[in-house]
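The values are calculated or read from the model by the stated rules, or taken from the named source; none is laboratory data. Keep in mind that what you see is a predicted model, and the values were worked out from it rather than measured. Cβ coordinates were reconstructed from backbone atoms using ideal geometry, including for glycine residues, and neighbour counts include every protein chain displayed. Ligands, DNA and RNA are excluded from the accessible area calculation, which covers all protein heavy atoms including side chains. Shrake-Rupley method; radii C 1.70, N 1.55, O 1.52, S 1.80 Å.
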Amino acid sequence: MRKPLTLRILSSLDAKSWIALGIFLALALIVVPVLHLNFPEDSALHVSTYAITLIGKIMCYALVAVAMDLIWGYGGILSLGHGLFFALGGYAFGMYLMRQIGRDGSYGADLPDFMVFLDWKELPWFWVGSDSFGWVAFLVMAVPALVAFVFGYFAFRSRIKGVYFSIITQALTYAAMLLFFRNETGFGGNNGFTDFKRVLGYTITSSETRLVLFGLTAIMLAVTLVFAAWLVKSKFGRVLTAIRDAESRVMFIGYNPLWYKLTIWVISAVLCGIAGALYVPQVGIINPSEMSPANSIEIAIWVAVGGRGTLIGPIIGAFVVNLAKSWFTVSFPEYWLFFLGLLFIVVTLMLPQGLVGLWKKIMAKKGAETC
């Protein structure tokens, strides 16, 4: 007898994982707001606005890393263009935030400032409805899904795989970055969108709004982790893993890999779009540099460092690499890229299973010594 969906979702994580998830949510939704709002800035217990913004940003990256792990760790498809989907979600929500500025912009006009500066007389057609939160929330998921579906359908149907697929995903995000750099595309050109004032009528820089965005990001990350754990343990996930390990054999027994690859590819793109939408109001800017090939390579490094094919590994990798980046870019900015490259080489050669794999080896060795 088939178990109800609720029970299957609950059984996707073991008891320890549920407890860890509960502690994480309690910290994000209760402890951090209390410490931020109830303690003065000079108190050792105060959580600063900078820390909330930084951790909120990294949680968005962790969400992207989980999305990347689904397609790379479980699907065996290395994408080096996931920065595009992240940026598309960010731009879609950025359009809403730009409309929320209203006449509080530098020019006091109904149009966004960059359009007034470029002598635009009216909003382009694709901005219609961008003042509606519901419509923009739909776009945040629909635009990355549509781009991923069209690209993925032709790529997977043509059986493009391996390094060739990685290269064309890089080409895709690079082409999009060049397109968005152009002023006439209607996305702010080189500067992108910034100077946001409000979201849903609330001041975007207020402590309460920042905490709500922080909490929503934490909830979304937790929900994504549970969803991903359920997905990879389902029949779909098992077939997907089989396609990763032996695609020809899977085809021989009657499965069509196209739709499995395409489904996980689109799901991954949608998760990146949601992460981008949560990222923009917390960081306060979105521009074409988010689509740069280097950013997409960095996403793959987060997953490799944490341990692909483990779900929790990419989250750990995103936090480790980005906290290191925050420290390096302040203390030794000229050495950050050297460190990142060295980290990737060391992980590839010495830790193929990432930090999670290293932890498992240490625990296994400790258990053997105890016996």
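Checked against the criterion of being open to solvent by less than 10 Å² (accessible area, probe 1.4 Å) and β-branched (Val, Ile, Thr), the candidates ILE58, ILE77 yield just one match: ILE58. Restricting attention to region 180-210, the residues that are touching a Leu at 6+ places or on another chain (Cβ under 9 Å), in a helix (DSSP H, G or I) and closer than 25 Å to TRP125 by Cβ add up to 4. Candidates are the residues of region 219-276 that are basic (Lys, Arg) and closer than 21 Å to ALA65 by Cβ; the one that is surrounded by the fewest Cβ atoms within 10 Å (Cβ to Cβ) is LYS233. Scanning region 279-295 for residues that are of a type in the set (A, V, I, L, M, F, W, C), within 25 Å of ILE77 (Cβ to Cβ) and touching a Gly at 6+ places or on another chain (Cβ under 8 Å) yields a single hit, MET291.
Being farther than 14 Å from SER268 by Cβ and in a helix (DSSP H, G or I) is the filter here, so list the residues in region 287-301 that pass it. Give the derivation first.
So in region 287-301, the residues farther than 14 Å from SER268 by Cβ come out as 287-295, 297-298, 301.
PRO288, SER289, GLU290, MET291, PRO293, ALA294, ASN295, ILE297, GLU298, ILE301 - these are the residues of region 287-301 that are farther than 14 Å from SER268 by Cβ and in a helix (DSSP H, G or I).
When region 81-132 is filtered for residues that are of a type in the set (Phe, Trp, Tyr) and touching a Pro at 6+ places or on another chain (Cβ under 6 Å), only PHE85 remains. Just one of (1) open to solvent by 70 Å² or more (accessible area, probe 1.4 Å); (2) more than 20 Å from the chain's Cα centre (by Cα); (3) closer than 30 Å to LEU25 by Cβ fails for VAL212. It is (2).
The single condition among (1) part of a helix (DSSP H, G or I); (2) over 21 Å from TYR61 (Cβ atoms); (3) of a type outside the set (Phe, Trp, Tyr) that PRO352 does not satisfy is (1).
Exactly one residue out of ALA145, ALA176 is open to solvent by less than 90 Å² (accessible area, probe 1.4 Å), in a helix (DSSP H, G or I), within 25 Å of PHE117 (Cβ to Cβ) and not acidic (Asp, Glu): that is ALA176. Every condition in (1) under 30 Å from TYR255 (Cβ atoms); (2) at pLDDT 95 or above is met by VAL212 except one, and the failing one is (1). Filtered by the rule that a residue be under 17 Å from THR263 (Cβ atoms) and either in contact with a Cys (Cβ under 6 Å, 6 or more places away or on another chain) or open to solvent by less than 30 Å² (accessible area, probe 1.4 Å) (or both), region 148-166 gives ALA148, GLY152, ALA155, PHE156, PHE165. Restricting ALA44, ALA65 to those that are free of Cβ contacts under 8 Å to residues at least 60 places away in the same chain, more than 30 Å from VAL128 (Cβ to Cβ) and small (Gly, Ala, Ser) reduces the list to ALA44.
Considering region 13-22 alone, what residues qualify as being open to solvent by less than 40 Å² (accessible area, probe 1.4 Å) and part of a loop (DSSP other than H, G, I, E, B)? The one that is open to solvent by less than 40 Å² (accessible area, probe 1.4 Å) and part of a loop (DSSP other than H, G, I, E, B): LEU13. Out of region 296-333, which residues are touching a Gly at 6+ places or on another chain (Cβ under 9 Å), among the aromatic types (Phe, Trp, Tyr) and farther than 23 Å from LYS16 by Cβ? Across region 296-333, the qualifying residue is only TRP302.
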